[in-house]
Amino acid sequence: MAIKSIADLDLFNKRVFCRFDFNVPLDGNGAIKDDTRIVRALPTIRYAIEKGARLILCSHLGRPKGTVKPELSLKPVAARLSQLLGQNVSFVSDCVGPEVLLVVNNLHSGEMVLLENVRFHSEETKNDPNFSAQLAELADVYINDAFGTAHRAHCSTVGIAELLKEKGAGLLMKEELENLEKAFANPRKPVVGIIGGAKVSDKISVLKNILTKMDMVLIGGGMANTFLKAEGLEVGISLVENDMIAIAKEIMEIASARKCDFCLPKDVIVALGMDNGVESKVTSVDKIGLKEMALDIGPVTTREFSGRIQKAGTIIWNGPMGVFEQAAFKKGTMEIAKAVAASKAFSVVGGGDSVRAVIQAGVSEKISYISTGGGAFMEFLEGKALPGVVALES
Ligand code: AMP
């Protein structure tokens, strides 16, 4: 069903409730360590203000679990927003109730207020109908711009949306949905999935779903070890999930039946441990020693994967190729990031570590789209409908 965009709605003089993802990292003293999420909300805020909305900004921060935790107050976000917008963003110390309603009703066209952390109320994460009704009472129009929380059926992402007729996606949400659709609904072929990270168990549903949509899947990271073991290879003391070997075999059988080219590393970087400064070497995957750990993809694999990436029409990447946090084991991930950036394919990268990796490799500008959704991006890759998106359908 169709989802309206904020640009399709009349905002003038309306009380517009906008759900954002201002879940930013703070240091112990309330200073914002990384304001990327705030910056990415600015286009929607500016647009709504320009159109004369009376804007109500709502978000969660951290996991206060239904109690008021001053260290998780959104107050510092109001200050940063005021700085970035060059306009006063007032702050109210709750998100529902008569005082909040009064502040909201007194807003003039083009003014805005940030509500306190919506998760200070335990009802929020339970999608409690009464709490949703209290939030809905504040507004005439509902906008969701928080793709990062779209996989959660909470009051501020689902309950309120079901109560307000005038609703739509913010500019960032719209951008996320359009880019994911471009990569999944009608992608340029061949479609190459790059899946890495620690464990198969975390990504079984992702792997099973993408095999049905992709022409090729390149596997790296710790999870490759479980697949290698499922192929009968010895992987020493590498991170391996013995209880996932049957699933790994099943995934490879599905890939083969679907004619999806499922590529495992041919060589790896091994070491006797993971500590910084430990001696490492390149080895073929059939020669991993009993006391060795595979901690990155090797140069032959990197070359082979890069060649395939170069020929891709569409690329979807989640999960690093190795323990990229350590200098000795980051090369594979960095080289793959550069290969994705150099490719002419439409490329989408999502998930915290993969996004960090492309930034670390200095190539984030050359990726077609970097998703802002961690959990939501993963659930999208699993093929699940996102409740926060479904609730916007009119
Ligand atoms: P994930 O959150 O599942 O994407 O996993 C990311 C983590 O996987 C990172 O912290 C990496 O250090 C880790 N990782 C990647 N490759 C390996 C490996 N070969 N052995 C152990 N951990 C790995």
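See the values below:
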{"quantity": "Distance-filtered residues of region 141-177 - backbone nitrogen under 14 Å, label point 7 angstrom along Glu393 Cα→Cβ", "calculated": "162"}
{"quantity": "log10 of Debye I(q)/I(0), alpha-carbon scatterers only, for region 6-172 at 0.15 Å⁻¹", "calculated": "-0.73"}
{"quantity": "Point-to-point label distance, Glu231-Glu325, nm (Cα→Cβ direction, 7 Å offset)", "calculated": "2.8 nm"}
{"quantity": "Whole-Hz ³J(HN,Hα) from phi, Karplus 6.51 cos²θ - 1.76 cosθ + 1.60, for region 333-343, glycine and proline x", "calculated": "5, 5, 5, 5, 4, 5, 5, 4, 5, 7, 6"}
{"quantity": "Residues Lys366 and Glu111, FRET efficiency given R0 of 51 Å [Cβ-Cβ distance, rounded to 0.05]", "calculated": "0.85"}
{"quantity": "Whole-number percent relative contact order across the chain, with pairs defined as alpha carbons under 8 Å at least 6 apart", "calculated": "16 percent"}
{"quantity": "Packing-based order for 144-150, 171-177, 32-38, using average beta carbon neighbours within 10 Å, highest first", "calculated": "144-150, 171-177, 32-38"}
{"quantity": "FRET efficiency estimate (nearest 0.05) - Cβ-Cβ, Lys4 to Leu163, R0 22 angstrom", "calculated": "0.85"}
{"quantity": "In range of the label at Asn242: residues from region 248-290 whose backbone nitrogen is under 20 Å from the point 7 Å along Cα→Cβ", "calculated": "248-250, 288-290"}
{"quantity": "Computed FRET value (nearest 0.05) for Asn130 with Ala79, which takes r as the C-beta separation and R₀ as 25 Å", "calculated": "0.20"}
{"quantity": "From phi via Karplus (6.51, -1.76, 1.60), per-residue ³J(HN,Hα) for region 133-138 in Hz, x at Gly/Pro", "calculated": "5, 5, 5, 5, 4, 6"}
{"quantity": "The chain: mean projected area of Cα convex hull, nm²", "calculated": "19.9 nm²"}
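Taken together, the values in this text are just the output of simple stated rules run on the coordinates, not laboratory data. This one's a predicted model, so the numbers in the text were calculated from it and none came from an experiment. Note that we place each Cβ from the backbone using ideal geometry, even for glycine, and neighbour counts take in every protein chain shown.
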